[in-house]
Amino acid sequence: MEKLNIQEIPGFRFGQAQDQKAGTGCTVILCPQGAVTGVDVRGGSPSTRDTDALAPQCNREVVHGVLLTGGSAFGLDAAGGVMETLESVGIGRDVGVTRVPNVCAAVLFDLKFGRMDRRPDAAMGRAACIAALEGLPFREGNFGAGMGCTVGKLL
């Protein structure tokens, strides 16, 4: 059976950006047409953005992007860059005066790897989003949000 490349999944685009010296990064999964999603947030210290909006009683029918980011809670700033980029290309829910992209985010704790003073920010989120929109190669392993992760942390 031939292995499917993640970038071949119809309707989805994948991008990543990282700071190798800092040992952190972010990964974005886009669905420009919107995708129905759900979430189950667990753990003793979860750090997320806009995942509560996915609850069935909310009016978010679809999500346009999911961001996984390093930097612990500081890395949530990267989601703003993803939203700005998607809005600039007309992706999002039409609210009359603009389009608001529904972007959810979750963080990975990588502050003890590399440099804790350099974290994913809006610029890194934009870079990952642009990489996805342009179809740049997606690399597996220690890239994007996986830059500062080890197998032990993920298990």
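Numbers for the structure displayed
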read-out	value
Which numbered condition A106 misses (of (1) of a type outside the set (K, R); (2) within 16 Å of G146 (Cα to Cα); (3) open to solvent by 30 Å² or more (accessible area, probe 1.4 Å); (4) assigned to a loop (DSSP other than H, G, I, E, B))	(4)
Candidates R60, R119, R115, filtered to the one that is among the basic types (K, R) and either within 18 Å of G34 (Cα to Cα) or assigned to a helix (DSSP H, G or I) (or both)	R60
In segment 109-136, the residues that are in contact with a Pro (Cβ under 9 Å, 6 or more places away or on another chain) and open to solvent by less than 30 Å² (accessible area, probe 1.4 Å)	A128, A131
Test: residue in segment 30-46 that is modelled with pLDDT of 90 or more, more than 21 Å from I130 (Cβ to Cβ) and surrounded by 11 or more Cβ atoms within 10 Å (Cβ to Cβ)	no
Close pairs from segment 1-17: first over 20 Å from F143 (Cα atoms), partner open to solvent by 60 Å² or more (accessible area, probe 1.4 Å), Cβ under 7 Å, at least 6 apart	G11/Q33
Segment 46-65: number of residues that are on the phi < 0 side of the Ramachandran plot and touching a residue at least 40 places away in the same chain (Cβ under 8 Å)	11
Selection status of Q18, part of a strand (DSSP E or B) and either modelled with pLDDT under 85 or among the polar types (S, T, N, Q) (or both)	yes
Counted residues, segment 23-56 - those being of a type in the set (G, A, S), touching a Leu at 6+ places or on another chain (Cβ under 8 Å) and farther than 22 Å from M147 by Cα	1
Residue match in segment 72-90 (condition: of a type outside the set (K, R) and touching a residue at least 60 places away in the same chain (Cβ under 8 Å))	no
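The values are calculated or read from the model by the stated rules, or taken from the named source; none is laboratory data. In this text the structure is predicted, and so the values were computed from the model without any measurement. Please note: Cβ atoms are built from the backbone with ideal geometry, for glycine as well, and neighbour counts cover all protein chains shown. The accessibility values were calculated without ligands, DNA or RNA, using every heavy atom of the protein model including side chains. Shrake-Rupley method; radii C 1.70, N 1.55, O 1.52, S 1.80 Å.
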